[in-house]
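Participant: One structure follows; several queries about it will come next.
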Amino acid sequence: MYDILIVGAGTAGMSCAITAAQKGLKVGVVEKSDIPGGALHWSGGHMSAGGTHLQREKGIEDSPEKHLADIYRINRKSGDLDLIEMAVQEAPKTIAWLNDIGMEWAPECPRIIYGHVAYDTARTIYGPEKALSIYKVLLPLWDQQIANGNITCYYEHTFVGLDTSGNRFDTVVCESEKGLSRHTGKNIVITSGGYGSNPAYFQQKHPGIPLVSSCYPTATADGHVILEKHGARFQFGEFHLPSLGGMEEEEGSGRVDFNKAWAMVLTSVYRQPRDIYVNAHGKRFIKEDEASPETRELITMQQPNWCFWVIFDETALNSPDENGNHNPIIIGRTIAEMKAEAKKENALCMANSIEALAVKTGLPKEQLTETISQYNEMVVSKSDLDFGRTYLEDPICTAPFYALKVHASVLVTFGGIKVNKHLQVLDADGQPMPGIYAAGEVLGLGATSGSSFCSGMAITPALGFGRLLGKTLS
């Protein structure tokens, strides 16, 4: 029997296992994939903390208390307040730990990120290789404890059940190519991730909401399903909030990739629009220079299928920004790469007339033509009476014309399993399920970030809570 048995070797699972093993505990881990790390192989790696050495080095005054107040300003004091406060207090300790074990920090950090509702202080930090920078400092510690015999990891083992001895959960049931296996532990920690790669479970929790996902492929709700089967409570699904920019490289696949093909439509802070956004009816629905990511997200959620098309022309594609930099709408793509992408006619297509563009996109021809004509008149008059856009520099009149289909996409799931301040999983009556703890995205972003995206409030709590359980369980 293990002292701690962990389900999932991702962000929270690795930090929990390493911390427990370093104090001499016998740790077992079951992992669905064939390698550890989970979404650390996938994520942007943003963390946040108040009062870090990185801030002090740049003369930035901050503290956990200021961080917490800023979170409550952004999320209107929603979510699991006990967990948010605990996460914020642990955050600078977590960053110090990462620094001590050799974490490399991107030189521009800490900074204010505008892809979410922005903090009022520069406190978002990450590594030069995104979340892989975290993985690279955790992996040697992981490997060392495996070599020492303090961690045993069962890879390619899918979590399929729980069992008890007496009134305490102490057994994890897994399935692998060898069949079913049972593993026992005095304490079971569920760190199995979210549910953004399980369309059926997503629809169960969010009926009628389209799922276009950029979540890690193993985020398939395994922990949620089994814990709920045993009486655990799911919460905060109502906080679901997508991110804007996902491009389906294969139409109808329901999959997008934040790291490979993403449009800069989440805010106008980084790119002023030389284009318009139209919905499935061919109509504008927002001022395209809106700065607030959350405003953009909420308005897009009111559009058919939670998607829209970015319409622009050849002049817009080739025009530099106010700093003289070419900044095409697809992040990281050059003009030549944009043109090559358009020829594939997947998410991005081009045509020599607006009418032909309407045919390729399926947008109503007359309405699209009228919308573009009205916009061009706004550029001349420098006035948008419909939505109040103020950046009106470029008419859409130079062929070829382009249309990029953009989806409100899922990067992280907000709903999750309810725990108390000791991270014990709770049943429907609010009572701890003996022997079961949880950390990471299985708790849901709604628990640690509330009803809004608060920068860094996914990875930092996952690491911090994993370490807390590794320290306190025995």
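The values are calculated or read from the model by the stated rules, or taken from the named source; none is laboratory data. None of the values given here were measured: they were computed from a predicted structure. Here Cβ is always computed from backbone atoms with ideal geometry, including for glycine, and neighbour counts include all displayed protein chains. Quick note on the areas: whole protein, heavy atoms, side chains included, nothing else; ligands and nucleic acids left out. Shrake-Rupley method; radii C 1.70, N 1.55, O 1.52, S 1.80 Å.
Participant: Testing residue 267 on (1) more than 26 Å from residue 358 (Cβ to Cβ); (2) open to solvent by 20 Å² or more (accessible area, probe 1.4 Å); (3) part of a loop (DSSP other than H, G, I, E, B); (4) in contact (Cβ under 8 Å) with a residue 60 or more places away in the chain, one condition comes back false. Which one is that?
Facilitator: That leaves (2) as the condition not met.
Participant: Only one of (1) modelled with pLDDT of 95 or more; (2) open to solvent by 20 Å² or more (accessible area, probe 1.4 Å); (3) more than 18 Å from the chain's Cα centre (by Cα); (4) not charged (D, E, K, R) fails for residue 466. Which number is that?
Facilitator: (2) is the only condition that residue 466 fails.
Participant: Here's another thing I want to ask about it. I'd like to know if segment 275-282 contains one or more residues that are of a type in the set (Ser, Thr, Tyr), part of a strand (DSSP E or B), closer than 29 Å to residue 75 by Cα and at pLDDT 95 or above.
Facilitator: Keep residues of segment 275-282 that are of a type in the set (Ser, Thr, Tyr), which gives 277.
Now drop any that are not part of a strand (DSSP E or B), which leaves 277.
Of the ones still in play, those that are also closer than 29 Å to residue 75 by Cα are 277.
Okay, now just the ones that are also at pLDDT 95 or above, so 277.
Yes: segment 275-282 contains one or more residues that are of a type in the set (Ser, Thr, Tyr), part of a strand (DSSP E or B), closer than 29 Å to residue 75 by Cα and at pLDDT 95 or above.
Participant: Within segment 415-451, which residues are of a type in the set (Gly, Ala, Ser), assigned to a loop (DSSP other than H, G, I, E, B) and surrounded by fewer than 24 Cβ atoms within 10 Å (Cβ to Cβ)? If you could, list the steps in order and put the result at the bottom.
Facilitator: From segment 415-451, those of a type in the set (Gly, Ala, Ser) are 415-416, 428, 430, 435, 438-440, 444, 446-447, 449-451; that's our starting set.
Applying the additional criterion that residues be assigned to a loop (DSSP other than H, G, I, E, B) yields 415, 428, 430, 439, 444, 450-451.
428, 430, 451, listed by residue number.
Participant: Got at least one residue in segment 89-101 being within 21 Å of residue 418 (Cα to Cα), among the acidic types (Asp, Glu), open to solvent by less than 50 Å² (accessible area, probe 1.4 Å) and assigned to a helix (DSSP H, G or I)?
Facilitator: Checked segment 89-101: at least one residue is within 21 Å of residue 418 (Cα to Cα), among the acidic types (Asp, Glu), open to solvent by less than 50 Å² (accessible area, probe 1.4 Å) and assigned to a helix (DSSP H, G or I).
Participant: Can you name every residue in segment 303-331 that is assigned to a loop (DSSP other than H, G, I, E, B) and in contact (Cβ under 8 Å) with a residue 24 or more places away in the chain? Give the steps one after another, and end with the answer.
Facilitator: Step one: of segment 303-331, the residues assigned to a loop (DSSP other than H, G, I, E, B) are 303, 319, 321-325, 327-329, 331.
The answer is 303, 319, 321, 322, 327, 329, 331.
Participant: Is it the case, given these coordinates, that residue 221 is modelled with pLDDT of 95 or more and farther than 28 Å from residue 469 by Cβ?
Facilitator: Working: modelled with pLDDT of 95 or more: yes; farther than 28 Å from residue 469 by Cβ: no.
The answer is no for residue 221.
Participant: Taking the stated definitions as given, is residue 82 within 22 Å of residue 131 (Cα to Cα), touching a residue at least 60 places away in the same chain (Cβ under 8 Å), within 23 Å of the chain's Cα centre (by Cα) and open to solvent by 60 Å² or more (accessible area, probe 1.4 Å)?
Facilitator: Details: within 22 Å of residue 131 (Cα to Cα): no; touching a residue at least 60 places away in the same chain (Cβ under 8 Å): yes; within 23 Å of the chain's Cα centre (by Cα): yes; open to solvent by 60 Å² or more (accessible area, probe 1.4 Å): yes.
Answer is no for this residue.
Participant: Of these, 315, 300, which one is under 21 Å from the mean Cα position of the chain (by Cα) and at negative phi? Break it down into steps so the answer makes sense when it comes.
Facilitator: Working: 315 fails: under 21 Å from the mean Cα position of the chain (by Cα).
Unique residue meeting the criteria: 300.
Participant: Right, something else. Starting from residues that are out of contact with any Cys (no Cβ under 7 Å at 6 or more places or on another chain) and charged (D, E, K, R), keep the ones in segment 5-59 and report whichever is most open to solvent (accessible area, probe 1.4 Å).
Facilitator: 56
Participant: Based on what the data block shows, is residue 300 among the polar types (S, T, N, Q), within 27 Å of residue 208 (Cβ to Cβ) and touching a residue at least 60 places away in the same chain (Cβ under 8 Å)? Spell out how you get there, then give the answer.
Facilitator: Numbers: among the polar types (S, T, N, Q): yes; within 27 Å of residue 208 (Cβ to Cβ): yes; touching a residue at least 60 places away in the same chain (Cβ under 8 Å): yes.
In short, yes.
Participant: Follow-up question, since we're still on this one. Provide a single number: the residues in segment 56-83 that are touching a strand residue (DSSP E or B) at 6+ places or on another chain (Cβ under 9 Å) and of a type outside the set (A, V, I, L, M, F, W, C).
Facilitator: Summing the residues that are touching a strand residue (DSSP E or B) at 6+ places or on another chain (Cβ under 9 Å) and of a type outside the set (A, V, I, L, M, F, W, C) in segment 56-83 gives 2.
Participant: Also, I was wondering about something else. Any chance segment 293-302 includes a residue that's assigned to a loop (DSSP other than H, G, I, E, B), open to solvent by less than 10 Å² (accessible area, probe 1.4 Å) and farther than 19 Å from residue 348 by Cβ?
Facilitator: No, there is no match, as no residue in segment 293-302 is assigned to a loop (DSSP other than H, G, I, E, B), open to solvent by less than 10 Å² (accessible area, probe 1.4 Å) and farther than 19 Å from residue 348 by Cβ.
Participant: Of these, 398, 371, which one is buried (at least 16 other Cβ atoms within 10 Å of the Cβ) and among the polar types (S, T, N, Q)? Steps first, please.
Facilitator: On the way: 398 fails: buried (at least 16 other Cβ atoms within 10 Å of the Cβ).
Within the list 398, 371, the selection yields 371.
Participant: How about segment 335-407: which helices (runs of 4 or more DSSP H) wholly inside it have at least 2 residues that are over 30 Å from the mean Cα position of the chain (by Cα) and of a type outside the set (S, T, N, Q)?
Facilitator: Numbers: elements: 335-344, 354-361, 365-381.
By residue number, 354-361, 365-381.
Participant: Being open to solvent by 20 Å² or more (accessible area, probe 1.4 Å), touching a helix residue (DSSP H, G or I) at 6+ places or on another chain (Cβ under 6 Å) and part of a loop (DSSP other than H, G, I, E, B) is the filter here, so list the residues in segment 119-150 that pass it.
Facilitator: Within segment 119-150, 120, 150 qualify.
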